[in-house]
Amino acid sequence: MSTAEIIARCQALYDDLDFTSAREWKDADPKRKVIGYMPVYVPREIIHAAGMLPLGILGGGDQMEVIHGDAYYQSYICRIPRSTIELGLTKKLDFVDGMLFPSICDVIRNLSGMWQLMFPDTYVRYFDVPQTYQDHIGGEYYIEELRELIAGLEKLGGVIITDEALRESTAIYNENRRLINEVYDFRAEQPSKAPSVEVYLLMRAGMVLPVEEHNQVLSDYLAAAVLEERPVRDNCKIVINGAFCEQPPLNLIRSIEMAGCYIVDDDYMLINRWLLDDVPLEGDPVANLSAAFLHASADSAAKYCDRAEDVGQYLLSTVKKTGAEGVIFTAPSFCDPALLERPMLADRMDEHDVPYISFKYAENSGQMQPIREQAGTFADSIKLWS
Amino acid sequence: MNATAQTEVIKDSSMLLQKTMIAENYDALTSVQETGKKVSATFVPGNLNELVMCFDMLNNLPEINAINNGMRKKSGMMVMQAEKMGHSEDVCTYVKADIGSMSRGNLAPNGKPMPPPDLLLLSYTGCFTFMKWFELLRHEYGCETAMLHVPYEGDGVVTKNMRDYVVKQIKENLIPTLEKVSGVKFDIDRLRENLRNSARAEDDFVWVLESAKNKPSPIDAYFGGVYYIGPIFTAFRGTEKAVDYYKALRKEIEQRIAEGKGPITPEGDMQDERYRLVVEGPPNWTNFREFWKMFYEDGAVVVASTYTKVGGVYDLGFRHDPDNPIETLADYCLGCYTNRNLSQRVDMLEKYVNEYQADGLLINSIKSCNSFSAGQLLMMQEVEKRTGKPGAFIETDLVDPRYFSAANVKNRLESYFQMIEQKRHGARSAA
């Protein structure tokens, strides 16, 4: 398959707000269940081990007109909860049996409560993760939280999630992370061969496809992309930071690259690379997932940074590893985590002479000209003065 | 007994007393260079004042500082200063007032500079912003920071796992850190004694809150209520002073009930109680008096509010328990209002509307506070559905005066009061 064919399929999956592929997966066996999850991170291994399909819910994007959802939110709250409610109320999620709301911010936290009130027949879980990282404190808490999630899914599905099943699922997701990292590394090394819109669509496909299929799509893309001849542009390399929850419209990603930037790393779907190393397959699989979260997980604005000297180091190391020449802080309007953290990250970039710009967006932003101008000026300034 | 202040604002003795208490705490904080006392900064939800006192440390609450600056009309400049420094216009204005204040000398109401904290006690209770607020302050001060993660009651229950987690953090992280910073060894009996005081004050505090079930209500449980929560939510819970304060406050309110009086307002006792409201959400601080006047001048009294539960929920039975000192601190944190899920909050509002015989629910939605605000429109719908009483929705902000539009707010309130009248009229006609 060519990259064009692969990406065309990914685009179709991205555009499909009826989640047809996930519906078809479920319809193939009446015992099957689908569990939706919102950003930033849930342990999909557990959902998979239950024989269920994890379905990433990232709002309705710029193709969805929000009518009902707006009635639930004031103007000064971001768009992702509105479009997610819109998905719920317009029955686009009527096949979803459970929803997980990770502890990312107060809006998503409260959305979990709204979902409980609005869709009382759906299994809903607010998925809290520890902000204290010692194994015997945060780890023990988190292991118990994971076991409660397991118990909830077992009851929902009428299944037992064995340790063996969990190890197998962990192995498959280790492979998924390895392939995703390979795509990201490939893009960082040869950005002209892996345009960011394509990488983005590949990642979005992983939100709806069974992980086994996604692994195949990733492998196919890597094999095809390396062979494809594409023009190399005189773009500067930048890292995108702050877009880990409400997603930017595709045109925004396209606009940044058209303006003269190669995006060599981003935090769009952090769940994909949240765990930094392979999760061990020996021993207690739940304890392994806990240890992986506590000691080898990505940094994000939704997480507490327990040492002042570590603030911004993850971003800085990403800049260095990818050879990036600058950072674009792109946060959704009203995003507490990204906007509160940004000044600290900016200070860290200043300390290390990493240039940056910042702007806000919404998932349905339509005006790209200001983005292109800002990104273009930024790219020019890097080329001229860095 | 009323006391007329020089500014012609009428206040009850209790209001003056709490003002004196808060001022004394600021005096103590701004004197640490002389006294050598150590300072812990923490948040109102999850304020472990009884524990902090065990280490002879002073308690500084940045939210209270922001409120003070808001009420003294200084926060607007501070917020704008923080925005100039790169903090987003979209984030919490308490944070920006705090950071802006730091850049302008960080002056206390007594005009003296606030001390840098020796410890940031990051009680991560009921609000995501707290986490990043103290990371920002740590970034500025470079001081010791202790995280206490209080899990959110996502399912509306406190599990053993959640409680054990909080207890372990207090025992194994917080207490050793407090010992290290203060140089004082932890004495659990001191904590027990403080908790005993807390429970005594809480009994009288709840009595005062529930006095609003009377008709007329002798208190305003929102505008007046913010004075009443001062000692118990800040540096005084656990002290004899707080016990005495709530005793005195209770006596004052008992007298009001005996005399059939309505609540005190800045212009004297409210005479004609026409509307009884439950209010959800924090008040606006920059235009506090103006906002309050819009209520009492139309005879509207707030009989119950949720903001008076933000620093602890005591009117559902919880009391600090000296027999289980660490566990009770965990229970207190887990039960703070904004740490409860939406269903629990709706249940509370429904209970208040019914038990306090309210005419309706008013939501004051705060532009920069997602913890309170996200989901309030659904909450209003639910409470209306369950109680049959009308809801109203207004939007202001905490301490950014740019987001208080007096005309808009007054317009909506007047329409709401008219709606209540019409419903009453309709009900009378139907009968």
Take A:LYS383 and tell me if it is assigned to a helix (DSSP H, G or I), surrounded by fewer than 19 Cβ atoms within 10 Å (Cβ to Cβ) and within 22 Å of the chain's Cα centre (by Cα).
no
Just need a number here: residues in segment A:160-195 that are touching an Asp or Glu at 6+ places or on another chain (Cβ under 8 Å), within 20 Å of A:LEU146 (Cα to Cα) and without any contact (Cβ under 8 Å) to a residue 60 or more places away in the chain.
1
Counting only residues that are in contact with a strand residue (DSSP E or B) (Cβ under 8 Å, 6 or more places away or on another chain), more than 9 Å from chain B (Cβ to nearest Cβ) and among the aliphatic types (A, V, I, L, M), which one in segment A:344-373 is surrounded by the fewest Cβ atoms within 10 Å (Cβ to Cβ)?
A:ILE357
All helices (runs of 4 or more DSSP H) inside segment A:1-73 with 1 or more residues being in contact with a Pro (Cβ under 8 Å, 6 or more places away or on another chain):
A:20-27, A:44-49
Subset tally (residues that are in contact (Cβ under 8 Å) with a residue 40 or more places away in the chain and at positive phi) for segment B:67-113:
1
Could you check B:ARG138 against (1) more than 8 Å from chain A (Cβ to nearest Cβ); (2) surrounded by fewer than 22 Cβ atoms within 10 Å (Cβ to Cβ) and say which number it fails?
(1)
Do we have any residue at all in segment A:313-334 that's among the aliphatic types (A, V, I, L, M), at the interface with another protein chain (Cβ under 7 Å from one of its Cβ atoms), over 19 Å from the mean Cα position of the chain (by Cα) and over 18 Å from A:SER103 (Cα atoms)?
no
Out of the residues in segment B:85-112 that are assigned to a helix (DSSP H, G or I) and not aliphatic (A, V, I, L, M), state the one that is surrounded by the fewest Cβ atoms within 10 Å (Cβ to Cβ).
B:SER103
Looking at segment A:106-125 only, could you name the residues that are at the interface with another protein chain (Cβ under 8 Å from one of its Cβ atoms) and more than 19 Å from A:VAL286 (Cβ to Cβ)?
A:ASP106, A:VAL107, A:ARG109, A:ASN110, A:LEU111, A:SER112, A:GLY113, A:MET114, A:GLN116, A:LEU117, A:MET118
Identify the single condition in (1) under 30 Å from B:THR286 (Cβ atoms); (2) assigned to a helix (DSSP H, G or I); (3) touching a residue at least 40 places away in the same chain (Cβ under 8 Å) that B:HIS139 does not satisfy, given that it satisfies every other one.
(3)
Out of the residues in segment A:283-296 that are outside any helix (DSSP H, G or I) and either without any contact (Cβ under 8 Å) to a residue 40 or more places away in the chain or in contact with a Pro (Cβ under 6 Å, 6 or more places away or on another chain) (or both), which is farthest from A:TYR314 (Cα to Cα)?
A:GLY283
Residues of segment B:385-431 being assigned to a loop (DSSP other than H, G, I, E, B) and more than 28 Å from B:SER101 (Cβ to Cβ), in sequence order, are B:GLY388, B:LYS389, B:PRO390, B:ALA431
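Take A:GLU341 and tell me if it is touching a Cys at 6+ places or on another chain (Cβ under 6 Å) and crowded, with 16+ Cβ neighbours inside 10 Å.
no
Going by what's in this entry, would A:ASP310 be described as at pLDDT below 95 and more than 9 Å from chain B (Cβ to nearest Cβ)?
no
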I'd like to check which helices (runs of 4 or more DSSP H) are fully inside segment B:151-227 and have at least 2 residues that are closer than 19 Å to A:THR132 by Cβ and at the interface with another protein chain (Cβ under 10 Å from one of its Cβ atoms).
B:160-169
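Each row is one residue, and each column tells you yes or no for (1) under 20 Å from B:LYS96 (Cα atoms); (2) part of a loop (DSSP other than H, G, I, E, B); (3) of a type outside the set (Asp, Glu); (4) touching a residue at least 24 places away in the same chain (Cβ under 8 Å).
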| position | (1), (2), (3), (4) |
| --- | --- |
| A:ASP306 | no, yes, no, yes |
| A:GLU309 | no, no, no, no |
| A:THR318 | no, no, yes, yes |
| A:LYS321 | no, no, yes, yes |
| A:GLN367 | no, yes, yes, no |
| A:GLU373 | no, no, no, yes |
Quick one: which of B:GLY299, B:GLY312, B:GLY335 is more than 18 Å from the chain's Cα centre (by Cα) and in contact (Cβ under 8 Å) with a residue 12 or more places away in the chain?
B:GLY299
Being polar (S, T, N, Q) and either touching a strand residue (DSSP E or B) at 6+ places or on another chain (Cβ under 6 Å) or over 19 Å from B:LEU48 (Cα atoms) (or both) is the filter here, so list the residues in segment B:113-145 that pass it.
B:SER123, B:THR145
Selection within segment B:113-133 - more than 9 Å from chain A (Cβ to nearest Cβ) and either crowded, with 17+ Cβ neighbours inside 10 Å or assigned to a loop (DSSP other than H, G, I, E, B) (or both)
B:MET114, B:PRO115, B:PRO116, B:PRO117, B:ASP118, B:LEU119, B:LEU120, B:LEU121, B:SER123, B:THR125, B:PHE130
Scan segment B:144-169 for residues that are under 23 Å from the mean Cα position of the chain (by Cα) and not hydroxyl-bearing (Ser, Thr, Tyr) and jot them down.
B:ALA146, B:MET147, B:LEU148, B:HIS149, B:VAL150, B:PRO151, B:GLU153, B:GLY154, B:GLY156, B:VAL157, B:VAL158, B:VAL166
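The values are calculated or read from the model by the stated rules, or taken from the named source; none is laboratory data. Model, not experiment: these values are computed from the prediction. When we count neighbours, we look across all protein chains shown, and the Cβ atoms used for this are built from the backbone with ideal geometry, even at glycine.
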